[in-house]
1. Which whole-percent values make up P(r) of the stretch A:33-90 when all C-alpha to C-alpha distances are grouped in 5 Å steps starting at zero?
2. Are there any helices in chain B, counted as whole DSSP H runs, that stretch 18 Å or more along their axis by Cα and score at least 0.0 on average by Kyte-Doolittle, and if so which?
3. Where the centre of each part is set by its Cα atoms, how far does the stretch B:128-207 sit from the stretch A:24-41, in angstrom?
4. If you count, for each residue, the other Cβ atoms within 10 Å and average over each peptide, how do A:70-79, B:144-153 line up from highest to lowest?
5. Let me check I've understood the local charge: for B:Thr84, count other residues with C-beta under 13 angstrom from its C-beta, Lys and Arg +1, Asp and Glu -1. What total comes out?
6. By count of other Cβ within 10 Å, fewest leading, how are B:Thr199, B:Thr299 ordered?
7. Rounded to the nearest Å, what's the spacing between the alpha carbon centres of the stretch B:287-364 and the stretch B:43-117? Just the number, please.
8. Quick one: Debye curve from the C-alpha atoms of chain B, no solvent, what's log10 I(q)/I(0) at q = 0.07, 0.09 Å⁻¹?
Amino acid sequence: MFKRITGTETTLIEIFLNDVPVMVPDDINVGAAILLRSSYCRKTVVSGSPRGPFCMMGACFDCFVEINGKMNQQACLQQVEAGMRIGFQVGPANLSAEETC
Amino acid sequence: MERYPLVVIGAGPAGMAAASVAAEYDLEVLLLDDQASPGGQIYRNVSRASADLRSEILGREYYEGLTQVDEFLRSKINYSPASTVWDIDTERHVCYLRNNRSYQVSAEHLILACGSQERPMPFPGWDLPGVMMAGAAQILLKSQAMLPASEPVLAGSGPLLLLLAAQYLNAGLRVQGIVDTTPKSRYLESIRYLPGAMTAPRPLFKGLSLLKQIRNAGIPLYRGASNLLASGDSQVRQLSFHCAGKRHRIDTQIVLPHQGVVPQLQLVKLAGCELTYLHRQQSWSATVDKYGEGSVENTYIAGDGQQINGAELAVIAGKMSGLQVLRKLEKIDLSTFERRVKPLIKAKNKIEKARRFIDAIFRPSEELNTPSDDTMICRCEEITAGAVREIAKLGCQGPNQVKAFGRCGMGPCQGRFCESTVAALIAEVQDRCISEVGYYRVRPPIKPITLGQLGNAVIES
């Protein structure tokens, strides 16, 4: 849906988007990294309809994704890191064992 | 718990100004901000953006933010970026998340400079992927150097649409059109504020020059548009609307709506401060005295997080609150206070007067305020305007009762994107004034926090 301005100086890193390795600039946030590839990042809990990042400032919570196994993370508020695993959330989040103990 | 004489929340123009003025007199200041670098949304990423992006694309107003950011970064302030405040109580205890841990600090004085968010703009299809607030698209340009991959359509009202269209032109991207929902009656309504606007005319001239740039580029401007509809299956494919007596359809994969900004009041509410409904801005504002102090003693609200007046006034408001804190803590004497505050008050009055024109001309249209029954207004719980009208007909007194009856506002955004619409719909159905209808109560945590983060919270220093 979006692209980097041509000529922007960039170092690329590898992240995993739904288990697929992709190269993205190292200085962008997770929401932006998603928008380079896709206009949506989750399916809603209520009706299962697709949604994408909407406000890019942490207010709308529409960019909830799974980051490194932790669900309901606001993609627009976290920077990408090499090796990061980002998963689209389909339906309600699971509570991982790490969070409950 | 660690104690600070002053905690400032937000590193936008108001927060930076408040903290910088306090630091001038060696007051120990903690500034918490949820972004990675200072500047707020208006100057987001200004210290890191490339020189080309700053000067060639985003323009002078953005570039000027760099001076303030540099000054702020040079000041002796305990600046804590990437810190998300998730609770504040009426005793000014502040809870925030940083690096996966939660901390609690106590503030003798608290300045809330949380800025604004975009005013929700509900129309059928605004939940489809490919529809994104225009402000969000501008944030992507400022902070991520990113442009829409295909020609977008801009829709709504307000100066940001013109600014964004011009910035895209500077970057070599045309927008397919600007669908202007400003009702034609607003031009007449705003004329009487025009002389006031001329007392601080910079925004007016800026607007005219943007308009000229857009016209010269041959970008279609659909004035007085209404009945917007974004359609597509899993992604927007078309925006249609009424304009000049006929239905227009534009095929597009990106629609960027916008109708101004409103104060972010979550933390103001949690801090126990009273709000006042501001009819001319069609939004709630934080109730404050001359120096920005709210209804709770020693809690201040400055900048667009108090009421929308723009970045220039936010700096003034931030400084005034900072100076008042310094005076109360006897870091400055009364004569220094008065000497420094006097020119600020003068400048403030001038800008406020000029603001009336922008408020009047860009007051949102009735249609977008109280949308058609089939429009989804609560994006989180997927509740339509029709469902809210039905609940309001039952006699629900305000947004909190509507929430209990229909889940509207109960999702993760906690009503940030439906509150104004819900209140407007109740007011419409029950023929009441929106100021009586009220607003959502806010409950902590206002940002997601895990049990693990809560369990590992650092409370003792």
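1. Whole-percent P(r) values from 0 Å outward: 4, 21, 32, 28, 12, 3, 0.
2. Span-like helices in chain B: B:311-328.
3. What the calculation gives is 24 Å, centre to centre.
4. Per-residue Cβ counts within 10 Å, averaged per peptide and sorted highest first, yield B:144-153, A:70-79.
5. Taking every Cβ under 13 Å from that of B:Thr84, the sum is 0.
6. B:Thr199, B:Thr299
7. 18
8. -0.35, -0.60
No value in this document is a laboratory result; all are computed from the given coordinates. Predicted model, so just to flag it, every value in this text is computed and none were measured. Using ideal geometry, Cβ is built from the backbone for each residue, glycine included, and neighbour counts are taken over all protein chains shown.
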